[in-house]
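What follows is a short report on a single structure.
Taken together, the values in this text are just the output of simple stated rules run on the coordinates, not laboratory data. Model, not experiment: these values are computed from the prediction. Cβ placement follows ideal geometry from the backbone for every residue including glycine, while neighbour counts extend to all protein chains displayed.
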Amino acid sequence: MSLQAAGTFRRTPLERSSQQVSWDRPDQAFFAAGACHVLAWTCRAAYADQPIGLCGMRFEGEPHVFHVYATWAEWALDHSGWHLEADLLAANRAYEARSIERVPLGPDLATFCEEHYSRMPAQYWQDPVPRARLYLDRFVPPWEAC
C-alpha cells in the first residue's frame, strides 16, 4: 500500500458528528482519521513479543496529537501499512506544509484518550478493535519481511 498522509482522510463535519457515518468509511480512512490510536494500540497488543512503541504527530507548538502510529526499530505502522518512520513523517509534513513534531506516547490507552480528547474503543459505533486486528493482518511486519 502506498504511503499517504493522514490528512488526506480527514473526517467531514458529518463524519465527526455521526459515529455511524464515521464507522461506515473504508478501513483506510477510518484508521487514518478517527481511529488511528486504536490501530496503534492494537498493533502493540498483537505483537506483544516485539518492542512496539507508540508515537503521535502534532503541529509544532500544539498540545494534542493529530495522528498516532506504532513503531518498531526505524519502521512505523499506520493506515498506510509499514513504512520507514522517516518517510511517514516526511509525507505528513509535506501534505500539511507545517512543522510536525514526533511525540512518544505512553503505554496506557485510557490516559492517552483522556489527555488528547480521543475515544476509547467502547465509545465507537461498534467495537473497533476486531476491525483494527483484521486491518493489521493485511500488512507483513518488517521483522517477518526480512
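So what is the 222 nm mean residue ellipticity for the chain from helices alone, if each DSSP H run of at least 4 adds -39500 (n - 2.57) and you divide by all residues, rounding to the nearest 500 deg cm²/dmol?
Mean residue ellipticity at 222 nm (helix-derived): -10500 deg cm²/dmol.
With springs only between Cα atoms under 10 Å, which of SER18, SER118, SER80 fluctuates most in a Gaussian network model of the chain?
Of SER18, SER118, SER80, the Gaussian network model singles out SER18 as fluctuating most.
Along Cα→Cβ, 7 Å out, is where each label goes; now give me the distance between the ones at ALA97 and ALA46 in nm to one decimal.
According to this spin-label approximation, the distance is 3.5 nm.
What is the local net charge at GLU96, summed over the other residues whose Cβ is closer than 14 Å to its Cβ (Lys, Arg +1; Asp, Glu -1)?
Charge balance near GLU96 sits at +2.
Once you charge only the Cβ atoms, +1 for Lys and Arg and -1 for Asp and Glu, what is the size of the charge dipole of the chain about its Cα centre, to the nearest 20 debye?
So the magnitude is around 380 debye.
Give me a comma-separated list of calculated 3J(HN,Hα) values for the range 131-143, in order, Karplus coefficients 6.51, -1.76, 1.60 applied at θ = phi - 60°, integers in Hz, x for any Gly or Pro.
Going residue by residue, I get 5, 5, 5, 5, 5, 4, 5, 6, 10, 7, x, x, 6 Hz, with x marking Gly and Pro.
Before anything else, pin down the relative contact order of the range 8-105: Cα pairs under 8 Å, at least 6 apart, normalised by residue count, whole percent.
Relative contact order here is 24 percent.
In the Gaussian network model of the chain, springs joining C-alpha atoms below 10 Å, which of LEU89, LEU105, LEU14 carries the largest mean-square fluctuation?
Result for the chain, Cα springs under 10 Å: LEU14 fluctuates most.
Measuring from label point to label point, each 7 Å out along Cα→Cβ, what is the PHE139 to VAL21 span in nm?
If labels sit at PHE139 and VAL21, their model points lie 2.8 nm apart.
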